[in-house]
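> Sharing a structure with you now.
The values are calculated or read from the model by the stated rules, or taken from the named source; none is laboratory data. Quick caveat, the model's predicted, so the values are computed rather than measured. Glycine also receives a Cβ, built like all others from the backbone with ideal geometry; neighbour counts cover every protein chain displayed.
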Amino acid sequence: MSVKVLTANRLTDGEAVWLGANGEWLEQIDGALIARHAEAVSALEEAGKAAIKSNLVIDVNVIDVEERGTNLYPLRLRERIRQLGPTIRLDLGKQAEKPKATAA
Amino acid sequence: MYRYDEFDHAFVSARVEQFKDQVERRLAGELTEDQFRPLRLMNGVYLQLHAYMLRVAIPYGTLSSRQMRKLAHIARHYDRGYGHFTTRQNLQYNWPALKDMPKVLDELASVEMHALQTSGNCIRNVTADHFAGAAADEVADPRPYAEILRQWSSMHPEFSYLPRKFKIAVTGAERDRAAIQVHDIGLHLKKNDAGELGFAVYVGGGQGRTPMVAKKIRDFLPVEDLLSYTTAIMRVYNLNGRRDNKYKARIKILVHETGTEELTRQVEAEWQVLKETDLKLPQKDVDAIDSYFAPPSLPVRPEGWSGLAAARKADHSFSTWVDQNVTPHKNPDYGVVTISLKPIGGIPGDATDAQMDLVADIAEKFSQDEIRVSHEQNLVLPHVAIADLRIVYDLLLTDGLATANAGLITDIIACPGLDYCALANARSIPVAQRISERFGKPERQADIGELKIKISGCINACGHHHVGHIGILGVEKKGEELYQISLGGSGDEICTIGDITGRGFSSEEIVDAVETIVDRYLDIRTDKEENFLATYRRVGAAPFKDALYSEAANAA
């Protein structure tokens, strides 16, 4: 079953980030705050608006992910590529720090 | 090469200072993203999937060694050690931080470069034939006129908020290497019967979601009227171009909806008002700009030909490279060298900082300090003595820059696609890599001959798929990448938009589909002299569709 998380790019360097359960913006999707019902999604959207106002992040979006064991798996390829890095340069992006992952 | 005058220096420096202030205010929270976004875009700063992206203009594709070294330096110190040369003769950095942008722009300004007008609804970087000033078949060097257009269009107050972006391309040869007929304005510099220089003027070409071949609205425009006539076109467009629908806002739609005859009438009427104004180019100004582009004084080097014959005989790989990547120069002792940025299985258009430095060194020693960037995502050394070809080849070999595939099936154009781009729906680069690997054997490529494959990862067509002999468009369907094929497109002087073959192919199927098309071409060509495009134009789409979609093909 798909659930939702909130993602954005960090203002200072454009790095892809996800809103964590602790309210911090995380550089990895693991630990992202999961919304499992409509009210929770609304709360995510509100958190996104607040983050934009506080100039921490830009391009904020709620995205669909699946829980696979302890991992979160974005349903769209676009989001999987954001999560890991370019599929043609495994030495770049977040995957360079997470060698086991594959994007596509 | 053109050198900045005092005005240029002051203007670019002022813009850097202005942007520095804007970035500081943004980071301090004094500007919101809605306020800042149009400002950053005016300075070439985009947001992509993983980071910001900076698009640097390379006007008419001409670079000095010093400028190339600066691009390498920026890649090394502010990015991840590489840059991506694009179909717009720009360079894109994929990873710079926003806080570093003013420093990067400062670095660029120090070598007379900038990122202005590489985004936004303005007149974009003016592109030109990448062999300009060198090619044997050229009537005149189009770059002085591209430079005049650059100066005129930079921060032009009347044309900074057009209905949509606006692209101008210029060529000076009958053979169109600048794809002028798929630009908003295409200018073909030529001579009339009296030997005077002027332009054939094309308007309303473009790719994107509504591809159109430009219409010729004037066969000969005297060069002195370049700015008055261009202004007339821009005014008609600025006044009448649609602003209600982004997808119908390009001038191609205006030309289509107005009709070529009526649009030409409107332009000519506007031109009559402007023709004798200050916009008429004084000959002394043209001469002044022209002098910056004076052909280099090339030493006589006739010894090259005998040495070349021996070197070719001794090394088949070198000989193949000369055949494929060296084009005749105006001066018979010289050649124009294409440096392929398409190694087999590599990423089209990417160059590392070390490769950029190497090209800069080679250009300084062996190509009159000049480098060109082609819209086909390759680099060019425009003035290499035939006598120096062997040493240049050997130097290029040291860092993977001597792939002998210019114009062949592995010389693929590919946009960044979904690996980087926020607009993309599908990946382009991995498809290009797999096709390159499939057809990578030199003998196979040579047998197939000239064949241009162009791949875009979305309908915006940055990968020029509409004018690919084989064009590939990536889309997203039900969450999966799907690739549509079009055939018979061409961006040269006989410009055509490719025909879509039919249903698309999955990522797993697409390379096989391309191979099916190529195999069918090899079966039905009259002989090796008939290239893919000529065969397609002779037989049409049917044999290829049959190969792709017939029951037998589907059962296979």
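> Could you tell me whether B:TYR46 is touching a residue at least 40 places away in the same chain (Cβ under 8 Å), outside the structural domain of B:CYS462 (by TED's automatic domain parsing), farther than 30 Å from B:ALA426 by Cβ and surrounded by 14 or more Cβ atoms within 10 Å (Cβ to Cβ)? Before the answer, list the steps.
Working: touching a residue at least 40 places away in the same chain (Cβ under 8 Å): yes; outside the structural domain of B:CYS462 (by TED's automatic domain parsing): yes; farther than 30 Å from B:ALA426 by Cβ: no; surrounded by 14 or more Cβ atoms within 10 Å (Cβ to Cβ): yes.
Criteria not met by B:TYR46.
> Please go through segment B:70-86 and give me each residue that is away from chain A (no Cβ under 14 Å) and farther than 17 Å from B:ARG372 by Cβ, ordered by number. Before the answer, list the steps.
Applying the first criterion (away from chain A (no Cβ under 14 Å)) to segment B:70-86 yields B:70-74, B:76-77, B:85-86.
Listed by number, the residues that qualify are B:HIS73, B:ILE74, B:ARG76, B:HIS77.
> Applying the selection to segment B:145-174, what residues are in contact (Cβ under 8 Å) with a residue 60 or more places away in the chain, in a loop (DSSP other than H, G, I, E, B) and among the hydroxyl-bearing types (Ser, Thr, Tyr)?
B:SER154
> Filter segment B:1-32 down to residues that are free of Cβ contacts under 8 Å to residues at least 24 places away in the same chain and surrounded by 15 or more Cβ atoms within 10 Å (Cβ to Cβ) and give me whichever is nearest to the other protein chains (Cβ to nearest Cβ).
B:LEU31
> Additional query: What is the residue count in segment B:44-65 for residues that are within 22 Å of B:CYS415 (Cβ to Cβ) and more than 9 Å from every other protein chain (Cβ to nearest Cβ)? Before the answer, list the steps.
Within segment B:44-65, the subset within 22 Å of B:CYS415 (Cβ to Cβ) is B:44-61, B:63.
Adding the requirement that they be more than 9 Å from every other protein chain (Cβ to nearest Cβ) leaves B:44-46, B:54-61, B:63.
Total satisfying the criteria: 12.
> Same structure again: Looking only at segment B:485-506, which residues are under 30 Å from A:ILE63 (Cβ atoms) and either in contact with a helix residue (DSSP H, G or I) (Cβ under 7 Å, 6 or more places away or on another chain) or surrounded by 19 or more Cβ atoms within 10 Å (Cβ to Cβ) (or both)?
Initial filter on segment B:485-506 (under 30 Å from A:ILE63 (Cβ atoms)): B:503-506.
Scanning segment B:485-506 gives B:GLY504, B:PHE505.
Table: residues versus (1) part of a helix (DSSP H, G or I); (2) over 29 Å from the mean Cα position of the chain (by Cα).
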{"position": "B:ARG3", "(1), (2)": "no, no"}
{"position": "B:ASP8", "(1), (2)": "yes, no"}
{"position": "B:SER13", "(1), (2)": "yes, no"}
{"position": "B:PHE19", "(1), (2)": "yes, no"}
{"position": "B:GLN22", "(1), (2)": "yes, yes"}
{"position": "B:ARG25", "(1), (2)": "yes, yes"}
{"position": "B:GLY29", "(1), (2)": "no, yes"}
{"position": "B:ARG37", "(1), (2)": "yes, no"}
{"position": "B:LEU41", "(1), (2)": "yes, no"}
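> For B:THR338, indicate whether it is away from chain A (no Cβ under 14 Å) and surrounded by 17 or more Cβ atoms within 10 Å (Cβ to Cβ). I'd like the intermediate steps shown before the answer.
Values: away from chain A (no Cβ under 14 Å): yes; surrounded by 17 or more Cβ atoms within 10 Å (Cβ to Cβ): yes.
Here the answer is yes, as B:THR338 does meet what is asked.
> Hey, among B:GLN89, B:GLN35, which residue is surrounded by fewer than 22 Cβ atoms within 10 Å (Cβ to Cβ) and more than 10 Å from chain A (Cβ to nearest Cβ)? Spell out how you get there, then give the answer.
Details: B:GLN89 fails: surrounded by fewer than 22 Cβ atoms within 10 Å (Cβ to Cβ).
Of B:GLN89, B:GLN35, the one residue that is surrounded by fewer than 22 Cβ atoms within 10 Å (Cβ to Cβ) and more than 10 Å from chain A (Cβ to nearest Cβ) is B:GLN35.
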